[in-house]
Amino acid sequence: MNLAYLHGEPQATGSIRNNNADFYVEEVMHFELDGQGEHLWLWIEKDGQNTQFIAKQLAKVFGIAARLVSTSGMKDRHAVTRQWFCLPWPIKKDIPEIELPGAKVLEMKRHGKKLKIGTHKINKFNIAVKLTDFAQQELVERLEKIKALGVANYFGEQRFGKYGDNVEQAVKMFSGELTVRDKKLKGLFISAARSELFNQILNYRIEKDLFKPLDGDAFVLKGSHSFFVEAQVQAETIERFNQGDVLLSGAMFGAGEAIVQGQVAEIEQSVLQQYPEIVQGLTVEGLKQDRRALQLPVDEFSWQFESKQQDSYLTLSFVLPAGCFATSVLREILNYTDASKNHAHTAE
C-alpha cells in the first residue's frame, strides 16, 4: 500500500512470517467465563490455519452447522494464534474427542452467553522480524518514537483481500457489474471499500502536515469509541492530544451529515469526492457515519535484538485494540517482505 508514514519512510529492511511461530497473536478477554450454561467455549491454539477453517472443522467434530460456531474475530493464517471459539452444546451431552489439523484445544469452559463478533477488546502480539539491512541506532530511535507517539492507524493489507482487489470488486458490485449473493463476501467487499476511504483520509492528513488537532476535529477518547467535536480546538484538548489521552479521528463513511465541522469537514470532503463510486455505493447500502482513531497507540511496547544462526532478528512485543493491524506497526519500523507468500507452512 502506497501510504504516507507518520514517522517518515523507514530505512531498515527485513522479512516477517519466516515461520508461523515468528508471528504470535493472542486474544485477551475483559471478563471471566462463568462455567455454566449451554454455550461451550474452546480456547484454541492454531498453527498455519485460518479461523474459518478451524470453525468448519469444529462443526464437523460436533455434528452441527458451521454457522453455529462463533468467534470474536478473525486471526492470521500464517501465524501461531490463540483465540476463543464457541458453539451450542447441551450440558448433559458428552463432548466428542476433538482432533483438529494444525490446531489444539487448550481449554474448554461453559458460559451463559454466546461468543459474538467483537467481544474481545485487545490482542497481544509477539513478532520476530528477520533483519537484512539496518542501522541499530537509527532503528532504536524510530522504535522510541513509536512507543511515545504510536503509528498511523491504517487498515492493513489483510482488509483488502488475498489478492488486494476487494475494493475493485466492491466498485463492480456497487455498479451492478458484479452480483454477490453471499452475504459474508458482500460484507467483506463493503468493509474494504469503507476502509479504503478511511486510509485515504489518514494518508492525506499526514502528507499535508495536518496530523494535528484542527478546528472541527472529532477527538476519540483513548481506549473507547466515544468522541467529541470541537468547532474551535481548545488548548486543553491540544495538551490532552500531546499526552495521548485523546486521539484524532477519521471518517468511517456512511449516510448522513458529516460528524466533523469546519476545516476538517472540508479536508474529508475533498478526499471523499475523489471516490464517487464508493461514496454512492456505501450510501445506498445504508451504512451510518462513524469515527475511527487516526492514531494507533502501541501499548506495552518492548523490543530486543537477537542473533539466531548468524541472522539478526528484532523481536517485538506489544498490545493493540481489536480491529487494529500489527502490519500498520511493522510498516513504520521497516520496509518488510512477507515470507509467508512464498512458504505456506499450513496443514490445510
Run through all the Cα pairs of the stretch 99-245 and give the fraction in each 5 Å bin from 0, expressed as whole percent.
-> 2, 6, 9, 13, 14, 15, 15, 13, 8, 4, 1, 0
Once you treat every alpha carbon in the stretch 1-139 as an equal point and sum by Debye, what is log10 I(q)/I(0) at q = 0.10, 0.11, 0.14, 0.15 Å⁻¹?
-> -0.43, -0.50, -0.71, -0.78
Per the 1/(1 + (r/R0)^6) rule, R0 = 51 Å and r from the Cβ atoms of GLN136 and HIS225, FRET efficiency to 0.05 is 0.85
On the full set of protein chains, 1.4 Å probe, figure out the accessible area of VAL69 and give it in Å² to the nearest 10.
-> 20 Å²
Tell me, how many Å apart are the Cα centres for the stretch 267-329 and for the stretch 199-219?
-> 15 Å
For the stretch 245-312, run through the trypsin sites (Lys or Arg not before Pro) and keep only the ones in DSSP coil with at most 15 other Cβ atoms within 10 Å of their Cβ.
-> none
Placed amide H near ASP215: partners under 5 Å, 5+ positions off or other chain = VAL233
Near LYS93, which aspartates and glutamates are there with a Cα under 15 Å away, not counting those fewer than 8 places off in the same chain?
-> GLU38
Ignoring ligands and nucleic acids, what accessible area does ASP22 show with a 1.4 Å probe (Å², nearest 10)?
-> 20 Å²
Farthest towards the positive end of the dipole of the stretch 185-239, among PHE227, LEU214, LEU185 and with Cβ unit charges of +1 on Lys and Arg and -1 on Asp and Glu, lies the Cα of LEU185
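What length, rounded to one decimal in nm, is gained on full extension from HIS7 through to LYS341, with 0.36 nm per residue of separation minus their alpha-carbon distance?
Values: separation 334, 0.36 × 334 = 120.24 nm, distance 2.70 nm.
The HIS7-LYS341 span can extend by a further 117.5 nm.
Relative contact order for the stretch 1-151 using alpha-carbon pairs under 8 Å, separation at least 6, rounded to a whole percent?
Rounded, it is 39 percent for the stretch 1-151.
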Percent RCO, i.e. relative contact order, over the chain, from Cα pairs under 8 Å lying at least 6 residues apart = 25 percent
Solvent-accessible ranking of PHE31, PHE23, largest area first, probe 1.4 Å | PHE31, PHE23
The number of Lys pairs in the stretch 191-348 whose alpha carbons lie under 26 Å apart, excluding pairs fewer than 8 residues apart on one chain, is 5
From largest to smallest, what semi-axes in whole angstrom does the stretch 244-348 give when each is the square root of 5 times an eigenvalue of its alpha carbon gyration tensor?
-> 37, 19, 13
Could you provide, to the nearest whole Å², the per residue accessible area of the stretch 71-138 with probe 1.4 Å?
-> 57 Å²
Rg over Rh [alpha-carbon atoms, Kirkwood Rh] for the stretch 160-311 = 1.06
Sorted from largest down, give the three principal axis spans of the alpha carbons of the chain, whole angstrom values.
-> 62, 55, 42
State the percentage of accessible surface on the stretch 181-248 attributable to carbon and sulfur atoms; use a 1.4 Å probe and exclude ligands, DNA and RNA.
-> 46 percent
Report the accessible area of TYR204, computed with a 1.4 Å probe over the heavy atoms of all protein chains in place, in Å² rounded to the nearest 10.
-> 60 Å²
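The values are calculated or read from the model by the stated rules, or taken from the named source; none is laboratory data. Just so you know, these numbers come straight off a predicted model, no measurement behind them. Neighbour counts are summed over all protein chains in view; Cβ atoms, including those assigned to glycine, are modelled from backbone coordinates with ideal geometry. We work out accessible area using only protein heavy atoms, side chains counted, and drop any ligands, DNA or RNA first. Shrake-Rupley method; radii C 1.70, N 1.55, O 1.52, S 1.80 Å.
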